[in-house]
Amino acid sequence: MQPSNITPPIESRLPQVGTTIFTVMSALAQQHGAVNLGQGFPDFDCDPALLDLVSAAMREGLNQYPPMPGVAPLRQAVAHKVEALYGRHYDPDTEVTITAGATQAILTAVLCCVHPGDEVIVLEPCYDSYAPNIELAGGVVVRVPLTPGSFRPDFARIAAAITPRTRLIMVNSPHNPSATVWTAAEMQQLANLLAPTDILLISDEVYEHMVFDGVPHVSAASIPALASRCFVVSSFGKTYHVTGWKVGYVVAPAPLMAEFRKVHQFNVFTVNTPMQHGLARYMAEPRHYLELPAFYQRKRDLFRAGLAATRLRMLPSEGSYFQCVDYALVSDLPEAKFCEWLTTEIGVAAIPLSAFYADGFEQRIARLCFAKRDETLQTALQRLQKL
């Protein structure tokens with residue numbers, strides 16, 4: 001008989017999950033005084049007007065539980081934005097839900113439709129929450145690589161991965177980590193592929209307002225054949241430089257949203273009330289998101305101009321706030337070791353692209369984040385130019 005003061009053993013639901021590369025690299029950056037271009041969040045403040053709107057909501061007494069799917073003004077603002085940009089109307093009452101960030105939105109969407117044994121296709125490299133979300137639902141992760149080098153979708157490989165057990169496919173554009181953006185033709189090709197099936201879609205569009213060079217973002221909401229089977233996910237945190245607020249949203253057809261809300265109400269129930277009201281009021285001025293592509297393109301161009309003076313080969317950065325670089329002319333180290341060396345010896349932290357693959361696929365590519373103040377980027381570039 002065991003002593004009563006011994007903690008009973010627990011069988012892990014996620015036995016393969018340990019400390020993430022983001023935690024490791026951030027700790028290393030802090031230890032060595034490196035400029036942290038590894039983690040994907042801004043080091044600058046949001047618009048003070050947004051803070052004032054949230055503070056005003058607090059002072060007005062909007063501090064108790066809001067409705068489970070989110071406050072009506074914010075759901076209405078989301079529906080208006082999506083229809084204005086992408087041409088599809090979502091009913092604010094039955095087809096829009098405010099979430100505790102995009103990560104919770106994706107987990108909730110997976111849990112509401114994936115049953116034990118169902119297969120879910122993810123396209124690698126992919127954001128690190130996708131596979132654990134599927135495993136928590138009892139689903140089977142089916143990994144299909146994006147084309148190495150270009151990171152374009154390989155529809156022949158996607159089609160080959162579809163089986164009678166396929167329940168869901170997850171796509172992400174603009175793409176983290178590669179900074180590629182799906183074209184209208186690629187989104188339509190996905191629609192054609194899924195048309196004869198009952199496969200559902202999660203479209204992770206958290207970087208929807210960071211698409212560059214005059215190219216429009218092609219949302220799954222804009223393609224009727226995709227919208228009818230899709231949970232479209234976005235993030236106020238990414239759009240308004242408030243990642244720590246953890247507020248996002250999902251739009252989906254009413255039958256899908258009804259199932260989503262069943263999980264949502266027992267997962268987080270609802271989301272921070274005054275922030276929802278502040279965001280709703282802030283969204284009344286569309287320029288706050290319409291001007292974001294130009295804001296980040298200027299930072300991208302500044303960063304790329306500095307990288308041109310190094311031996312790092314820049315991959316295209318079509319969207320998001322990431323820049324991937326091929327370091328083959330600098331080092332033959334594996335990606336994780338190179339990023340450690342870059343942090344400790346050069347003083348700039350990056351993330352290995354191999355961390356976004358289950359098998360650690362190596363391409364000698366590192367991901368850098370340019371969502372930083374200009375002076376932060378200039379400091380990083382001065383150090384990188386030693387290369």
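With respect to the conditions (1) of a type in the set (Lys, Arg); (2) crowded, with 16+ Cβ neighbours inside 10 Å; (3) more than 24 Å from LEU256 (Cα to Cα), ARG157 lacks only one, and its number is (2). Screening LEU292, LEU226 for residues that are under 26 Å from GLN39 (Cα atoms), in contact with a helix residue (DSSP H, G or I) (Cβ under 8 Å, 6 or more places away or on another chain) and of a type in the set (A, V, I, L, M) leaves exactly one candidate, LEU292.
Does segment 15-24 include one or more residues that are part of a loop (DSSP other than H, G, I, E, B), free of Cβ contacts under 8 Å to residues at least 60 places away in the same chain and under 30 Å from GLY347 (Cβ atoms)?
The first filter runs over segment 15-24 and keeps only residues part of a loop (DSSP other than H, G, I, E, B), leaving 15-20.
Okay, now just the ones that are also free of Cβ contacts under 8 Å to residues at least 60 places away in the same chain, so 15-16, 18-19.
Now drop any that are not under 30 Å from GLY347 (Cβ atoms), which leaves 18-19.
So far as segment 15-24 goes, yes, one or more of its residues are part of a loop (DSSP other than H, G, I, E, B), free of Cβ contacts under 8 Å to residues at least 60 places away in the same chain and under 30 Å from GLY347 (Cβ atoms).
Annotation note: of GLN39, GLN30, the sole residue that is surrounded by 13 or more Cβ atoms within 10 Å (Cβ to Cβ) and under 19 Å from GLN378 (Cα atoms) is GLN39. Check PHE41 against each of (1) modelled with pLDDT of 95 or more; (2) assigned to a loop (DSSP other than H, G, I, E, B); (3) not small (Gly, Ala, Ser) and name the one condition it does not meet. Result: PHE41 fails condition (1) only. Residues that are touching a strand residue (DSSP E or B) at 6+ places or on another chain (Cβ under 7 Å), under 28 Å from GLU186 (Cβ atoms) and free of Cβ contacts under 8 Å to residues at least 24 places away in the same chain occur in segment 298-309; there is at least one.
Criterion first (under 15 Å from ILE21 (Cα atoms) and surrounded by 15 or more Cβ atoms within 10 Å (Cβ to Cβ)) does ILE346 satisfy it?
Values: under 15 Å from ILE21 (Cα atoms): no; surrounded by 15 or more Cβ atoms within 10 Å (Cβ to Cβ): yes.
Here the answer is no, as ILE346 does not meet what is asked.
Applying the set (1) modelled with pLDDT under 95; (2) on the phi > 0 side of the Ramachandran plot; (3) under 19 Å from the mean Cα position of the chain (by Cα) to GLY149 leaves exactly one unmet item: (3).
On the given criteria, is LEU368 surrounded by fewer than 19 Cβ atoms within 10 Å (Cβ to Cβ) and of a type outside the set (D, E, K, R)? Spell out how you get there, then give the answer.
Values: surrounded by fewer than 19 Cβ atoms within 10 Å (Cβ to Cβ): no; of a type outside the set (D, E, K, R): yes.
No; evaluated as a whole, the condition is false for this residue.
Within segment 361-387, which residues are of a type outside the set (A, V, I, L, M, F, W, C), farther than 26 Å from PHE295 by Cβ and at pLDDT 95 or above? I'd like the intermediate steps shown before the answer.
Taking segment 361-387 first, the residues of a type outside the set (A, V, I, L, M, F, W, C) are 362-364, 367, 372-376, 378-379, 382-383, 385-386.
Retained after the next criterion (residues that are farther than 26 Å from PHE295 by Cβ): 362-364, 386.
GLU362, GLN363, ARG364 - these are the residues of segment 361-387 that are of a type outside the set (A, V, I, L, M, F, W, C), farther than 26 Å from PHE295 by Cβ and at pLDDT 95 or above.
Within segment 254-312, the set of residues being of a type in the set (S, T, N, Q), modelled with pLDDT of 95 or more and in a helix (DSSP H, G or I) comprises GLN265, THR273, GLN276, GLN297. With respect to (1) in contact with a Pro (Cβ under 7 Å, 6 or more places away or on another chain); (2) not in a helix (DSSP H, G or I), the lone exception for VAL330 is condition (1).
Listed by position, the helices (runs of 4 or more DSSP H) inside segment 71-166 whose residues that are more than 26 Å from GLY244 (Cβ to Cβ) and in the same structural domain as PRO255 (by TED's automatic domain parsing) number at least 3 are 72-86, 155-161. Of all the residues in segment 102-124, those that are buried (at least 23 other Cβ atoms within 10 Å of the Cβ) and within 12 Å of the chain's Cα centre (by Cα) number 3.
I'd like the residue in segment 277-296 that is under 20 Å from PRO216 (Cβ atoms) and aromatic (Phe, Trp, Tyr) and, out of all such residues, is surrounded by the most Cβ atoms within 10 Å (Cβ to Cβ). For segment 277-296, the residue satisfying everything is TYR296.
Against the conditions (1) closer than 16 Å to GLY87 by Cα; (2) surrounded by fewer than 20 Cβ atoms within 10 Å (Cβ to Cβ), GLU259 satisfies every one except (1).
The values are calculated or read from the model by the stated rules, or taken from the named source; none is laboratory data. Predicted model, so just to flag it, every value in this text is computed and none were measured. Note that each Cβ is placed from the backbone with ideal geometry, even for glycine, and that neighbours are counted across all protein chains shown.
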